[in-house]
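Working notes, beginning with the structure itself.
Read the figures in this text as sums done on the coordinates, not as results from a lab. From a predicted model like this one, the values you see are computed outputs, not experimental measurements. As a convention, Cβ positions derive from the backbone with ideal geometry for all residues, glycine included, and neighbour counts pool all protein chains shown.
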Amino acid sequence: MKAPVQEVADDILAPEFRQPVKTLGEALDVLGWEHIDKPICCGSEVTIRSLLGSAYFAQCRTCKKFVLDVTGPKFEGGSVRFMDGDKVDLETDRRWIAGVEPKNCPAS
Ligand SMILES: [Zn+2]
């Protein structure tokens, strides 16, 4: 029995970021960002973090709005940890959240 991404998201996210997981398109819509590789926000391209060619985090440097793939890589003490596809149902596009970063970046 694999855990749904929603369950994992609720587990790893701080309470203020908990929300129904979204497709990337829905998450971009929440922020009012265009559905393109590098959306423009506050007059400049958002910063994208990706690994192995797939983006898992994008953020505006100015207003700190972000989208995050909750199933994306986690960086811990110099190593990268991926979500275990045997334990989590990764066969879904609903894996993104949108928000505005406060002090603790949820992707760090
Ligand atoms: Zn912005």
Exercise. Could you list Ser44, Ser79 in order of exposure, starting from the residue whose Cβ has the fewest other Cβ atoms within 10 Å?
Key: Ser79, Ser44
Self-check item: lysines with Cα under 24 Å of Lys64, excluding same-chain neighbours fewer than 8 positions away
Solution: Lys22, Lys38, Lys74, Lys103
Quiz item: Relative contact order, percent, of the chain when contacts are C-alpha pairs under 8 Å separated by at least 6 residues?
Solution: 34 percent
Practice problem: Could you work out, for region 1-53, what percent of all Cα-Cα pairs fall into each 10 Å distance bin, beginning at 0 Å and stopping at the bin that holds the largest distance? | Solution: 20, 39, 36, 6, 1
Quiz item: So, how do all the Cα-to-Cα distances of the chain break down into 5 Å bins, in percent, from 0 on up?
Solution: 2, 12, 24, 25, 21, 12, 4, 1, 0, 0
Self-check item: region 2-108: chymotrypsin sites (Phe, Trp or Tyr not before Pro) falling in loop per DSSP and having at most 16 other Cβ within 10 Å
Solution: Phe82
